[in-house]
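For reference, the structure is listed below as structure tokens.
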Amino acid sequence: MRTLREVTALRGCVAGWKAEGRRVGVVPTMGALHAGHMSLVSAAQAGCDRVIATIFVNPRQFDDPADLANYPRTEARDAAMLGAAGVDVLFAPPSEVVYPPGFATTVSVAGVSRELEGAFRPGHFDGMATVVAKLFLMTGAERAFFGEKDWQQLQIIRQLVRDLDLPVTITGCPTLREPDGLAMASRNTRLSAAERAVAPALLVAMEAAASAIRGGMPVAGALSRARAAVLAAGFAEVDYLDLRGAERLEPLATPDRPARLLAAATLGGVRLIDNIAL
Ligand code: AMP
């Protein structure tokens, strides 16, 4: 596996692959890799001839400077995992390659970016959309792989690609979970042992709500019961635990179309997000 940090070198490498008729896929990440990320790599390898993984802890998508400072950075270990998995190129640019002095452009997807995470993390999705658009243009990949773990992010990226006619096909991959159901996430390493034991309660409450709603319980009642259960389990705060339309994420009072239950809650200072199909 080659590690590249400059756009010119990356473009040269991809141009060579394309000249040979290879299909190129990209897996964008912020590093601190776990099995969830590696499942995206496997999906990319199954659908493409050459795979680029990117690692970039994007400062523009952090609304909280402490979260950015504390975000785990483990590039040597990540590179070893990606190399062992057979990834062709790791693109890990320094910040000044992505955002050179004078950088002035923001990509902003209206509507779906303003809901849920967007309401609690101002600017987060603009930062994400800006860097993802850049990564598509820098890599020139034909296919890109993202996790359903970040369901709202996935819908925003699909909208971005449609709106800008970006020549890339997006594949969403299922959420990988720990044996007790906790969605794998780089931030999980920041949970204490006691918090880690409480963390699966979020999914338990969401699944109970989903099954109550499927069984005919009114949505509002099922959701408020689930929020109370998450707090009772030991979470400090529930930012949202909501039923939404699966694509546009509009609020749903009744499950009359494809729907997603999405939640964000804080446990010991670590903000966890999860989502499930209804
Ligand atoms: P991140 O490094 O957290 O920005 O995530 C990079 C990519 O990995 C995103 O597309 C995430 O949705 C995806 N991802 C993160 N956690 C998981 C997981 N538990 N299962 C599947 N995909 C995941």
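List pairs: first residue in region 57-79 and more than 25 Å from THR106 (Cα to Cα), second residue open to solvent by 30 Å² or more (accessible area, probe 1.4 Å) anywhere in the structure, Cβ distance under 7 angstrom, at least six positions apart or on different chains.
PRO72/THR189; ALA79/THR3
Could you please let me know if PHE120 is open to solvent by 40 Å² or more (accessible area, probe 1.4 Å) and under 20 Å from LEU68 (Cβ atoms)?
Taking the combined requirement at face value, the residue satisfies it.
Give the residue, chosen from ALA85, ALA66, that is out of contact with any Asp or Glu (no Cβ under 8 Å at 6 or more places or on another chain) and modelled with pLDDT of 95 or more.
ALA85
Looking only at region 150-168, count every residue that is of a type in the set (D, E, K, R) and in a loop (DSSP other than H, G, I, E, B) and tell me the total.
Residues in region 150-168 being of a type in the set (D, E, K, R) and in a loop (DSSP other than H, G, I, E, B): 1 in total.
Out of ARG158, ARG162, report the one residue that is of a type in the set (D, E, K, R), surrounded by fewer than 19 Cβ atoms within 10 Å (Cβ to Cβ) and within 13 Å of the ligand (Cβ to nearest atom).
Residue meeting the stated conditions: ARG158.
Scan region 267-275 and give yes if some residue there is open to solvent by less than 30 Å² (accessible area, probe 1.4 Å), at pLDDT below 95 and out of contact with any Pro (no Cβ under 8 Å at 6 or more places or on another chain), otherwise no.
Scanning region 267-275 turns up at least one residue that is open to solvent by less than 30 Å² (accessible area, probe 1.4 Å), at pLDDT below 95 and out of contact with any Pro (no Cβ under 8 Å at 6 or more places or on another chain).
Tell me, please, whether a residue that is in contact with a strand residue (DSSP E or B) (Cβ under 7 Å, 6 or more places away or on another chain) and among the hydroxyl-bearing types (Ser, Thr, Tyr) can be found in region 88-101.
No, every residue in region 88-101 fails to be in contact with a strand residue (DSSP E or B) (Cβ under 7 Å, 6 or more places away or on another chain) and among the hydroxyl-bearing types (Ser, Thr, Tyr).
Residue-by-condition table, conditions (1) open to solvent by less than 10 Å² (accessible area, probe 1.4 Å); (2) modelled with pLDDT of 95 or more; (3) part of a strand (DSSP E or B); (4) within 24 Å of PRO28 (Cβ to Cβ):
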{"site": "ALA208", "(1), (2), (3), (4)": "no, yes, no, no"}
{"site": "GLY216", "(1), (2), (3), (4)": "no, yes, no, no"}
{"site": "VAL230", "(1), (2), (3), (4)": "yes, yes, no, no"}
{"site": "LEU243", "(1), (2), (3), (4)": "yes, yes, yes, no"}
{"site": "PRO255", "(1), (2), (3), (4)": "no, no, no, no"}
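Being part of a helix (DSSP H, G or I) and touching a residue at least 12 places away in the same chain (Cβ under 8 Å) is the filter; apply it to region 172-193 and report the residue that is nearest to the ligand (Cβ to nearest atom).
SER186
The values are calculated or read from the model by the stated rules, or taken from the named source; none is laboratory data. Small disclaimer: the values here were computed from a predicted structure and weren't measured. No Cβ is skipped: glycine too gets one built from the backbone with ideal geometry, and neighbour counts run over all protein chains shown. Surface areas here come from the heavy atoms of the whole protein model, side chains and all, with no ligands, DNA or RNA. Shrake-Rupley method; radii C 1.70, N 1.55, O 1.52, S 1.80 Å.
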